Amino acid sequence: MTTAADPVSAARARLTPGAQAALVTVLVGCVCLLLGPNLPWLTAWPAAWTAPATQWVGVGAEWFLNAIKPAARGFSEVLRFPMDWANFVLGATPWPLLVGGATALGWAIGGVRMAMLGFAGLSFVLASGYWAQSMNTLALVAVSVPLALLLGGAIGILANEFTRIRGAVQAMLDVMQTVPTFAYLTPLLLLFGFGPVVGLIASAIYAAPPMARNVMLGLERVDAEIKEAAVMSGGTRLQQLFQVEIPSAASQIMVGVNQCLMAALSMVIIAAVIGGFDDIGWEVLLTMRKAQFGQSLLAGLVIVAFAVIIDRMSAALALERRRYDPRVAYSLIGLAVVFTVVFWSHLPDPATFTLLDPLAAAVDHGLGAFTADNGARLDAIKNGAMFYGLLPLKIGLDDAVLDFTWGFQWTAAMSLALYALALVAGLLLALRERLTGGLLLVIAVGMLETGIANLPWPFVLTATAALAWVAQGRGFAAIATGLLLTILLSGLFERALLSLYLSGAAVFACALVGGCIGLLCAVSPLAWRIMRPICDMLQTIPLFVFLIPVLMFFQIGEFSAFLAICLYAVVPMIRYTRHGLISTPGEMIEAATASGATTWQTMRDVRAPYAAPTILLGLNQTILYAFAMLVIAALIGTTGLGQSIYLALGQADVGLGLSAGASMAVLALIADRLVQGFAEERRRALGL
Amino acid sequence: MSSDTAPAITCRHVWQVFGPDSEPALAQALAQSGGDAAAAAVALRDKGLIPAVQDATFEVAEGELFVIMGLSGSGKSTLVRCISHLLDPTGGEIRIHGEDIVTASKQRLIELRRNKLGMVFQHFGLFPHMTVAQNVAYPLRVQGVKQAARRAKAQTVIDLVGLSGREDTYPRELSGGQRQRVGIARSLVADCEVWFLDEPFSALDPLIRRQLQDEFLQIRANLNTTIVFITHDINEALKLADRIAIMRDGRIVQIGTPTEIVLNPVDDYVREFAKDVARGRHARVASVMHSGDGGGHVRGPDDPGLRRNMTLDAALAKCMDLYEPVPVWDDSGMCVGTVHPAELAAALQVDEA
């Protein structure tokens, strides 16, 4: 009973873990703030303390890659056969046959709607004049997807069979999903040399995890009694697996196939940045660099057309139970054959199609006129967001508030006043039994004053460890600190903070905007009817294409990158918020209504708390999406890790590419686990 | 000992403990308690393990319909999964027709399931991607029986369960009762000798349940299988069973015929179950009569004609207006004892203790 007499442990017992964590963070922050001017190593990690880790990684990885290079080159030779073959088939087949084939396939899968989609989509591709480039892209997808399906399926089945490796496989899939797409490319480039095979293998590697995940999930979700019935029927393990479990999991596995296809397409297009295979992604990049936004948009729309066709058809395959009359499909193909034969000598080369070029020119012209007319307004938006939003977040109020932007100069007295204000407000909150809230307010003000990119490293480490401790316990706090330390040691910390700032700002904006839109969609069916196709579309479009519209209006720069990230990452926030808010059990709503609550009271008191875990999961997705897009956005001017990865790709610097990629993955993993931890805690609190 | 004199199923000290390293933990707990099952179970629980089945010992005779009854969580489904070896029991010995199935090889287990064992599941366990006929024929398919032969065999059991005409529909198109008929047909298609039914009718409406119970008894009358039937419904147990084992918290608390369970519950737990039961429909005259003292009785013209295996309800209806002991006859017409109508009436009373 000595502990009760000890005043320190008595005080600790009264503090919640959240308050304890916040208190420690505030104390460390204060120390850094006070001692920072005298001890420079507190604010910036001294260069002398960094290990040349990137070089080591580079040397090690290069040695390893060189060792397996002969095998890799052999493998690449083997892959060249199906690639060349697919290229030849798709390139040499007369276009009417392919258009007819896509239409027929659409019919067989989903009837008139899908047939129309196939026909319209491919006709658009044809009319755009990008037929040959599209077929090159498609050939890559056609070879990489079977590889990814086999790889992912095998991983999923093996993880299901051998429970002992399941945890390891899950962890590996997590990492594979968080390592940025560009980071895959550098080592592959070294292994396989320039050329389409790199894109092929990168997309196979990138597309395998969703397949593996869905196979695992599907097999796990097969009803226990169905598995037992297969056992009791006397099936061998292989019979159980292939005759019962896999067919029973078919619809989940088809979801995996759908995601696998989309990931492969996305990666093939991203892989275009290494150049050399004259595909549609390269076309987008080229026209974007030449600022031919009309053409760029056209090429981007071709990609979107492919994405939509592939996505909707494979999704229909997962859902559709009805079978459509195959005779119609055969007739469509027959028609295409007849058309090809009859017009054989008159078939124009698809490259000569320029039906849509006037449109592209018109877009260019219109855009030129628009930016000329509204240039000042667009600049005002951009500068306003930069000066009053992004810059203070990045470098802090004391550096960002300048005479020529804000109209006055930030002084030390203002800093003091701000801190004093925060302290008073924090104290008031603490006196009202909201100690944690008060402490968090002080922390937030401190971060705003200093700027995320200038945060002292002890503060970042402590804050992360404290959050990790609250979310997942001591073990995860140690892991998170250790991972951050590796970033510090490798000298990438400043860049990591820059990445953190941009993705943090984007996530914050997404949470705010997406949350509000989600709320609106939850209360108004009309709003959801409008937002739903937009969300579907935004989730179908490959990452790369997001860059085009923001570039068109806001040129290269951080703000454009910010917008592109927001556009892409806002979708999960909207979806999850709405889903969480509308999936409250009917009985709870009825109970609230019977108690006399108004719609908004029900929303605030019943639906929102119930939806909290779901919304947190949405936030988690938004964070991961933001990190994924951050790297792509490096193409249009961001600083930080994304830029390093992109530079490494250009210089074939494996060490930098891998280290920066790993740092990015570390940030994403920590953020992911933190939010998951909080969501899990909310779910437990609600007894879900 | 040859296998045909052995009981169909023998369970000796069967334990199923869930949790990490359950096998050494069980051995240690039993060693410490000196073989006392209750003490060992407490020790296991204290370690955070879950003793779902504790020291189950019983035999099921050839052709017997053995019902295991208990509330949810009492371990009855776990026990049946041990016997059918869907779960590997943590301790004890299980023999089917004398053959130890705990130590049987994987290959032998597959053979046993193909030739000897059949099982029906609570939620049917139908394969969603197969038609009714394919579902039913699946146990034959895994044995490599040719398509035509297995279709013909499947057809006979489909007819038996009254699903003729639905052969080519998918499970999702059937009602719950029809689905369970498919489950029953599938478990019978390979001519099993031991038939496990895990709460087969619990997920069904009361009306459909009664209908399927009756059909089940009919099917059973034409088969010569040994049956282990799991249920949480005392009335179902009493209606179907030759013998009933009642489980509570992983232990078997009483094994007996329906009459024994109703009239002589061993503890309050069983008594609680028996309370809900209309005793008159399950208890027989033999259980309340005074046997042997009817030697001098001659069957008179106004004799109500009580027989030993009559239910109490039926007996009471025949002698309601009599006030003295009534002779009880056996099937061959011999007087085997007497019973007083008041005793019959008293036996029907539910004792409120």
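General observations
- Cross-link partners of residue A:382 among aspartates and glutamates (Cα-Cα below 17 Å; sequence separation of 8 or more within a chain): A:373, A:558
- Size of electric dipole in the protein assembly as shown: Cβ of Lys, Arg +1 and of Asp, Glu -1, about Cα centre, debye, nearest 20: 1620 debye
- At 0.890 mPa s and 25 °C, Stokes D of the stretch B:59-116 from Kirkwood alpha-carbon radius, µm² per second: 195 µm²/s
- Taking label points 7 Å from Cα along the Cα-to-Cβ direction, residue A:31 and residue A:416 give a separation of 2.5 nm.
- Solvent-accessible surface of protein heavy atoms, probed at 1.4 angstrom with all chains present, puts B:146, B:47 in the order B:146, B:47, largest first.
- Expressed in units of 2.2 N^0.38 Å, where N is the residue count, the Cα radius of gyration of the stretch A:397-450 is 1.30.
- By DSSP, the beta bridges lying fully in the protein assembly as shown are antiparallel in about 55 percent of cases.
- Value of Rg/Rh across the stretch A:420-505 [Cα atoms, Kirkwood radius]: 1.03
- With Rh defined as the Kirkwood radius, the inverse of the mean 1/r over Cα pairs, the Rg/Rh of the stretch A:513-559 is 1.10.
- In straight-distance terms, cross-link reach from residue A:69 covers every one of the lysines whose alpha-carbon lies under 29 Å from its own, apart from those fewer than eight places away in the same chain; here that gives an empty set.
- Probe 1.4 Å, all protein chains present, accessible-area order of B:170, A:610, largest first: B:170, A:610
- Computed magnitude of the charge dipole of the stretch A:455-688 (debye, nearest 20; Cβ of K, R +1, Cβ of D, E -1): 300 debye
- Pairwise Cα separations in the stretch A:261-303 fall into 5 Å bins from 0 onward with the following percentages, short to long: 6, 27, 30, 25, 10, 2, 0.
- Cross-link pairs exceeding 22 Å between alpha carbons, from the set B:275/B:318; A:290/A:394; A:227/B:106; B:106/B:153: B:275/B:318; A:290/A:394; B:106/B:153.
- Evaluated over the Cα positions of the stretch B:102-147, the convex hull gives a direction-averaged projected area, one quarter of its surface, of 4.2 nm².
- Cα centroids of the stretch A:266-338 and the stretch B:282-337: 88 Å apart.
- Calculated FRET value between residue B:33 and residue B:71, using beta carbons and R₀ = 25 Å, to 0.05: 0.45
- Partner chain coverage, peptide A:217-229 - average Cβ within 10 angstrom: 4
- Residue mean of other protein chain beta carbons inside 10 Å, B:186-199: 1
- For the pair residue A:351 and residue B:109, a Förster radius of 56 Å applied to the C-beta separation gives a FRET efficiency near 0.30, rounded to the nearest 0.05.
- Debye log10 I(q)/I(0) for the stretch A:171-237, one point scatterer per Cα, at q = 0.28 Å⁻¹: -1.16
- Dmax and Rg, reported as Rg then Dmax, of the protein assembly as shown (C-alpha, Å): 37.2, 126
- Calculated Rg and Dmax of the stretch B:167-301 using C-alpha coordinates, Å: 18.9, 66
- For the stretch A:114-188, a Kirkwood radius taken over Cα pairs fed into Stokes-Einstein (20 °C, viscosity 1.002 mPa s) yields D = 137 µm²/s.
- Residues listed by number, the stretch A:583-598, amide nitrogen under 12 Å from residue A:523 label point at 7 Å toward C-beta: A:598
- Rounded Å value of the spacing that divides the Cα centres of the stretch B:209-275 and the stretch A:483-532: 60 Å
- Kirkwood Rh, Cα atoms: Rg over Rh of the stretch A:565-688: 1.19
- Each residue, residue A:591 and residue A:251, gets one label point 7 Å from its Cα in the Cβ direction; the gap between the two is 3.0 nm.
- Expressed as a whole percent, the accessible area of the protein assembly as shown that falls on carbon and sulfur atoms is 63 (1.4 Å probe).
- Cβ-derived FRET efficiency at R0 51 Å, residue A:532 paired with residue A:64, nearest 0.05: 0.60
- Rounded to the nearest 10 degrees, the inclination of helix B:106-115 to the longest alpha-carbon principal axis of chain B is 50 degrees.
- Heavy-atom accessible surface that A and B bury in contact, both chains counted, 1.4 Å, Å² to 100: 1800 Å²
- In terms of the mean number of neighbouring beta-carbon atoms within 10 Å, the peptides A:486-495, B:221-230, A:614-623 order highest first as A:614-623, A:486-495, B:221-230.
- With all protein chains kept in place, the per residue accessible area of the stretch A:189-234 amounts to 27 square angstrom at a probe of 1.4 angstrom.
- Over all directions, the projected convex hull of the C-alpha atoms in the stretch A:624-688 averages 4.9 nm² in area.
- Note that the stretch A:120-262 carries a Kirkwood radius of 17.0 Å, evaluated over its alpha carbons pair by pair.
- Taking every Cα-Cα distance in chain B and sorting them into 20 Å bins starting at zero, the pair-distance distribution P(r) comes out as 26, 49, 23, 1 percent.
- In the distance distribution for the stretch A:583-634, Cα-Cα pairs more than 18 Å apart total 48 percent.
- Separation of the residue A:381 and residue A:444 label points, Cα + 7 Å toward Cβ, nm: 2.7 nm
- Percent RCO, i.e. relative contact order, over chain A, from Cα pairs under 8 Å lying at least 6 residues apart: 19 percent
- Kirkwood hydrodynamic radius computed over the stretch B:22-92 comes to 13.3 Å, based on all pairs of distinct alpha carbons.
- P(r), alpha carbons of the stretch A:455-688 - 5 Å bins starting at zero, rounded %: 1, 7, 12, 15, 16, 15, 12, 9, 6, 3, 2, 1, 0, 0
- Computed over the stretch A:539-583, Cα set: Rg, Dmax in Å: 13.0, 41
- For the stretch B:1-124, dividing the convex hull volume of the Cα atoms by the residue count gives 134 Å³ per residue.
- Averaging the Cα positions of each part gives two centres, and for the stretch B:62-104 and the stretch A:358-384 these lie 77 Å apart.
- Fraction of C-alpha pairs exceeding 16 angstrom in the stretch A:179-284: 64 percent, rounded to a whole number.
- The mean sequence distance of close C-alpha pairs (under 8 Å, at least 6 residues apart), as a share of the length of chain B, puts its relative contact order at 17 percent.
- Percent of alpha-carbon pairs separated by more than 18 Å within the stretch B:281-348: 24 percent
- Average partner coverage of B:140-151, which counts Cβ from other chains inside 10 Å: 2
The values are calculated or read from the model by the stated rules, or taken from the named source; none is laboratory data. Given the structure is predicted, the values throughout are model-derived calculations rather than measurements. Please note: Cβ atoms are built from the backbone with ideal geometry, for glycine as well, and neighbour counts cover all protein chains shown. Please note that ligands, DNA and RNA were not included when accessible areas were found on the heavy atoms of the full protein model with its side chains. Shrake-Rupley method; radii C 1.70, N 1.55, O 1.52, S 1.80 Å.
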